[in-house]
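The values are calculated or read from the model by the stated rules, or taken from the named source; none is laboratory data. Because the structure is a prediction, the values reported are computed rather than measured. Every residue, glycine as well, gets a Cβ built from its backbone with ideal geometry; the counts of neighbours run over all protein chains shown.
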Amino acid sequence: MKQGTMIHAAILGAFCLGFGIMLALIEQVTAEDIKARAMEDRQASLSQVLPAEILDNNPVTDTVVMKNDEGKEITVFRARKGGEVTGMAYEIFGSGYAGEMKLMLGVDAAGNVLGVRVLAHKETPGLGDKIETKKGDWILKFTGLSLGNPPVDKWKVKKDGGQFDQFSGATITPRGVVGAIRKGLEFFAVHKAEMMGGAQ
Amino acid sequence: METTQYGRIVRDGLWENNGVLSMLLGMCPAMAMTTSATNGFGMGLATAVVMAASNLLVSLFRNYITQEVRIPVFILIVAAMVTLVDLTMNAWMHELYKVLGLFIPLIVSNCLPLARLEAFAAKEKPLPALMDGIFMGLGFTLALTAIGAVREITGSGTLFADASLLLGPAFKFMEMRLLPADMGILMMILPPGGFLVTGLLVVAKRLIDLAAGKEIQMGGAHSVA
């Protein structure tokens, strides 16, 4: 190898080492704070689907990891009052107009919906994004419903013979959301014991 | 440059050699992040911080960076600065991070910082390099805010929506609704709108320059990408 090449390699190596060390240090310094912020964010988003009245624990740390019907790992956050599980929140997934939509579903111990919120989606702005609470109250209508109310075959948008409104210009998005919630509730019905059980 | 002309650096950065409207660099964030004026502004500011820091660093190390490895070193420095900003904002400016966090990693893929490192910072003293980073960054902010404003007004009928999330509650007054909610042309906030508005603003800038009797500075003369 020519000596010139070695010098360039050494310079590049030195820069990599220097900035690598710098980033490692900063990562160390910020790690604790970032973890704390992530915890606060989680708590804030869970508090939207798990009302404060039903819990005296921190659901963020009371979790059980399960596989959903598609084989995806989901974390179930449990709300407890006096040690009893009073409700739980977990991620559900629906397919929208532009790919997967991620939602958080909160249910109480009897399987009634406590609340649903959209976590991430790529739906068309102005049409499909009315599923966000920021853009409309459509998603709030699910609170209080369960698998029997309405009956399972009515858990569809109106266009498919169900009871839920689609909104003008978008059918696929609400269809995906309704389907995701129905699947989420069915998952709860089947795996209830497993979701409730486990150490605190 | 014999004596550094700071006025020149400021004018170049903000208008004459504007990163987006003259050099046509940084097109990816300029189109992807400008669905509203606030988004464009936030993306621009984050980029300006990274550009100022990386320009300064490259200028400080300019005598040690050899010609052969300069590009990897530049990319390393930009990426390191982006990671630095990302981590510290996440830890200590979390509210702002929730709004801007999405944009920050995208700065790595912006070729405007790289172009300024190559064309300016690698040859100049630290202070002018820092100034160039700041004003090129502000020029970028200006262009992105303008593109965002046009797209937001025509697309959603608002201007500076959510500005208070980015800048604090004091800026609530900036949030305006100019057209009724259903009047917006959806296409303008979808990708085609980005191309249309960017193109029109490039034309507008050249018309203004022509009217002012200036020679049009064609872009790309000393760009790398």
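One table, with the values for the structure above:
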| read-out | value |
| --- | --- |
| Leading residue by the ranking (nearest to A:M22 (Cα to Cα)) among those in segment B:58-67 that are in a helix (DSSP H, G or I) and more than 11 Å from chain A (Cβ to nearest Cβ) | B:L60 |
| Residue in segment A:114-171 that is farthest from the other protein chains (Cβ to nearest Cβ), counting only those that are over 21 Å from the mean Cα position of the chain (by Cα) and closer than 20 Å to B:T35 by Cβ | A:A170 |
| In segment A:85-113, the residues that are over 15 Å from the mean Cα position of the chain (by Cα) and among the acidic types (D, E) | A:D108 |
| Helices (runs of 4 or more DSSP H) within segment B:68-169 that include 3 or more residues more than 14 Å from every other protein chain (Cβ to nearest Cβ) and either surrounded by 22 or more Cβ atoms within 10 Å (Cβ to Cβ) or in contact with a Phe, Trp or Tyr (Cβ under 6 Å, 6 or more places away or on another chain) (or both) | B:111-116, B:126-155 |
| Matching residues, segment A:152-200, being among the aromatic types (F, W, Y) and not in a helix (DSSP H, G or I) | A:W155, A:F164, A:F167 |
| Condition broken by B:M176, with the remaining ones in (1) farther than 19 Å from B:G44 by Cβ; (2) modelled with pLDDT under 80 satisfied | (2) |
